[in-house]
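Enquirer: Encoded as structure tokens, here's the structure I'll be asking about.
No lab work stands behind these numbers, since they all come straight from the coordinates. Everything numeric in this text was worked out from a predicted model, so none of it was measured. Neighbour counts run over all protein chains shown; Cβ positions are idealised from the backbone, glycine included.
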Amino acid sequence: AQTVTQSQPEMSVQEAETVTLSCTYDTSESDYYLFWYKQPPSRQMILVIRQEAYKQQNATENRFSVNFQKAAKSFSLKISDSQLGDAAMYFCAYRGRTQGGSEKLVFGKGTKLTVNP
Amino acid sequence: KAGVTQTPRYLIKTRGQQVTLSCSPISGHRSVSWYQQTPGQGLQFLFEYFSETQRNKGNFPGRFSGRQFSNSRSEMNVSTLELGDSALYLCASSLDGSVTETQYFGPGTRLLVL
């Protein structure tokens, strides 16, 4: 079964600084997608960025970028110029064709990011 | 375009009761997935519906069930509630539920079982 591991339960960063959140995953599939979701205290889960496994180029969305290392099964999220609004739980998620044809999301346990003014 | 909506937002029930939660997907989305979020277990997949059919189910007991209507709205039902069912229940929609599609989440329904 696919698993996603986020080894940092909590992280903190100073406003305007850069922080990197780690994520590793385990899969035997070749066709899959990886996501970072953000869940602010209001609880609405928001997609931050996604990466297709077949693409070598790392995805970027404004201040958010990923470092995707397919061979190492690593998918870290870098937040540049951190803002107070970036404070939230961040979930790394995997989506691929699991046994039975499901395309469900498999989530890590999350990393709570605190942004200090 | 309106996002995924879930009703009710908060719910308090007692053990042994049953509960029905509702999810309206983004217009045009035909796949709806349900997840349970708890502090201990994190986010766990419950089931996914597409075109009124359940395509996959997670490792939850039969007390958890769901259905989808022709307009793609989905409901999930939990019968004989247990204290451990207290959780945030999230639904997510996507166009067709394929691996290429991003799932968009609703705000969730917070269920407290007393």
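Enquirer: Which residue, chosen from A:Tyr94, A:Pro117, A:Leu77, occupies the Cα position most advanced towards the positive end of the dipole of chain A, where the dipole is computed from +1 (Lys, Arg) and -1 (Asp, Glu) charges on Cβ about the Cα centre?
Expert: A:Tyr94
Enquirer: Kindly state, to the nearest 0.05, the FRET efficiency for A:Tyr54 paired with A:Thr20, given R0 = 25 Å and r defined as their beta-carbon distance.
Expert: 0.60
Enquirer: Could you check which residue among B:Thr20, B:Thr100, B:Thr38 shows the biggest mean-square fluctuation in a GNM of chain B with a 10 Å Cα cutoff?
Expert: B:Thr100
Enquirer: Right, another one. Give me the aspartates and glutamates in straight-line cross-link reach of A:Lys70: C-alpha distance below 17 Å, same-chain residues under 8 apart excluded.
Expert: A:Asp26, A:Glu29, A:Asp31, A:Glu52
Enquirer: Where both partners of a DSSP beta bridge lie in chain B, what percent of those bridges are antiparallel, to the nearest 5?
Expert: About 90 percent, rounded to the nearest 5.
Enquirer: Ok, one more. Students often get this wrong, so check it: of B:Lys13/B:Lys57; A:Lys73/A:Lys109; A:Lys38/B:Lys13; A:Lys38/A:Lys104; A:Lys112/B:Lys13, which have C-alpha atoms separated by over 20 Å?
Expert: The answer is B:Lys13/B:Lys57; A:Lys38/B:Lys13; A:Lys112/B:Lys13.
Enquirer: Which value, in debye to the nearest 20, describes the size of the charge dipole of the protein assembly as shown about its Cα centre when Lys and Arg Cβ atoms bear +1, Asp and Glu Cβ atoms bear -1, and nothing else is charged? Display every interim value, and only then the final one.
Expert: On the way: 24 positive and 18 negative charges, 94 e Å.
Roughly 440 debye, rounded to the nearest 20.
Enquirer: Count the DSSP beta bridges whose two residues both fall in chain A, then state the antiparallel fraction as a percent rounded to the nearest 5.
Expert: Among the beta bridges of chain A, antiparallel pairing accounts for roughly 90 percent.
Enquirer: Can I get the semi-axes of chain B's equivalent ellipsoid? Compute them from the C-alpha gyration tensor as square roots of 5 times the eigenvalues, in angstrom, largest first.
Expert: Rounded to whole Å, the semi-axes are 23, 14, 13.
Enquirer: Using a 10 angstrom cutoff on alpha carbons, build the Gaussian network for chain A and name the most mobile of A:Glu52, A:Glu15, A:Glu29.
Expert: Judging by the Gaussian network model, the answer is A:Glu29.
Enquirer: Something else now. Could you work out how far the C-alpha centroid of the stretch B:12-49 sits from that of the stretch A:52-95, in angstrom?
Expert: 26 Å
Enquirer: State the extension gain, in nm to one decimal, for the chain segment bounded by B:Phe69 and B:Thr14, taking 0.36 nm per residue of separation less the distance between their alpha-carbons. Mind showing how you got there, number by number?
Expert: On the way: separation 55, 0.36 × 55 = 19.80 nm, distance 2.78 nm.
Once the chain is fully extended between B:Phe69 and B:Thr14, it gains 17.0 nm.
Enquirer: Can you give the % of DSSP beta bridges in the protein assembly as shown that are antiparallel, to the nearest 5?
Expert: Just about 90 percent of them are antiparallel.
Enquirer: Tell me the chymotrypsin sites (Phe, Trp or Tyr not before Pro) within the stretch A:42-117 that lie in a loop according to DSSP and have at most 14 other beta-carbon atoms within 10 Å.
Expert: Within the stretch A:42-117, the qualifying chymotrypsin sites (Phe, Trp or Tyr not before Pro) (loop, at most 14 other Cβ atoms within 10 Å) are A:Tyr54.
Enquirer: Here's a follow-up. Nothing charged except the Cβ atoms of Lys and Arg (+1) and of Asp and Glu (-1): what's the magnitude of the dipole of chain B about its Cα centre? Round to the nearest 20 debye.
Expert: Numbers: 11 positive and 7 negative charges, 46 e Å.
Here the size comes out at about 220 debye.
Enquirer: A further question on this structure: D for the stretch A:1-101, whole µm²/s, Stokes-Einstein with Kirkwood Rh over alpha-carbon pairs at 4 °C and 1.567 mPa s: what number?
Expert: Estimated via Stokes-Einstein, D reaches 92 µm²/s.
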